[in-house]
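Each reported figure results from applying straightforward, stated rules to the coordinates on display, with no laboratory input. Not measured: the values here are computed from a predicted model. Cβ coordinates were reconstructed from backbone atoms using ideal geometry, including for glycine residues, and neighbour counts include every protein chain displayed.
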Amino acid sequence: MLMNASKASEGKRQSARLPRKRFYRARAHSNPLSDSHFPIPISPADVDYLSHYPHFSHSSKADTEKDVVFPKIRFADIGCGFGGLLVKLSPLFPDTLMIGMELRDKVSEYVKERILALRAANPGQYENISVVRTNSMKYLPNYFCKAQLSKMFFLFPDPHFKEKNHRRRVISLQLLDEYAFVLELGGIIYTITDVEELGDWMKFCLDSHPLFSAVPEEELESDPVVKLLVCATEEGQKVARNGGQTFCAVFRRVAADEASDSIKGLCKGNCI
């Protein structure tokens, strides 16, 4: 009996062991314009919530899948990397569903295994976060319906330094149209980078779009999420260790009539 209990305890520890990054090595970035092969939901109604958030399922009538009701995903971490931000946000917003979107297959698999291990080691916790391998620059509307999200995160995205590759940047006036569609009024976009030129680009694009307005500095100081933008991710931790600078831009989704005429005029051109 004691031997069986010992084996069960050891098995639980093994299942809760965090994955090792050395087994999930991948290129630092992927080309978002290339074709990748992974399943894509036809519409947000086809997103498999049951596999992502089984703890949040509940049924009012029967235990059939069609009767299962889920809250909507509210936070999206675009290019989530190894999932550090999701892990930090989860206990801060335990009733909010969040998802990381990552193009690299090995990295997204690591995040998946990391979340499962955290759930096993901490019963009842980390049930509100998940990850999906996808290309958000192509398939964002397949996952989220209009005004579904309240927060979007773009932390240390690929700078794509060459001018010919600027169209690969995840923040652009064209893509901001999609982000404005899936964000609710008052929803917030958080961006941060250690590349000054990219920081200027993202701020210019957001400043130039008629459906976004900069969040005042006094609000940022009281926002607990802002404090995580650097310390929650590997990239941010590296920058901090090396004493580097970061360039942050946080903007709120607003109605079209809230934007100033000068900002509306800028939206006719492309980003710098």
Around D194 (Cβ within 14 Å, Cβ-to-Cβ, excluding D194; K/R +1, D/E -1) the net charge comes to -4
For the pair A256/K238, report the inter-label distance in nm, with labels modelled 7 Å from Cα in the Cβ direction. 4.2 nm
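Grab the Cα-Cα distance for A45 and L185, subtract it from 0.36 nm times how many residues apart they are, and report the gain in nm with one decimal. Please report the intermediate quantities before stating the final value.
On the way: separation 140, 0.36 × 140 = 50.40 nm, distance 2.14 nm.
Value of the extension gain: 48.3 nm.
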Determine the sum of side-chain charges near K227: Lys and Arg each +1, Asp and Glu each -1, restricted to other residues whose C-beta is under 12 angstrom from that of K227. -1
Grab segment 68-225 and count how many Lys pairs have their alpha-carbon atoms under 23 Å apart, sequence gap of 8 or more, or different chains. 19
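Using per-residue counts of other Cβ atoms within 10 Å, averaged over each peptide, order 154-164, 43-53, 122-132 from highest down. Mind dumping the intermediate values first?
Working: 154-164: 16.2, 43-53: 13.9, 122-132: 19.4.
Packing proxy ranking, top to bottom: 122-132, 154-164, 43-53.
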Extend 7 Å from the Cα of K72 along its Cα-to-C-beta direction; within segment 165-196, residues with backbone N under 13 Å of that point are 181-187
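How much FRET efficiency would the formula 1/(1 + (r/R0)^6) give for A120 and D95, where r is the Cβ-Cβ distance and R0 is 22 Å, rounded to 0.05?
Details: r = 21 Å, r/R0 = 0.95.
Rounded to the nearest 0.05, the efficiency is 0.60.
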Show me, for segment 83-92, the HN-Hα J-couplings you get by feeding each phi into the Karplus relation (A = 6.51, B = -1.76, C = 1.60, θ = phi - 60°), rounded to Hz, glycine and proline as x. x, x, 5, 4, 5, 6, 6, 3, x, 6
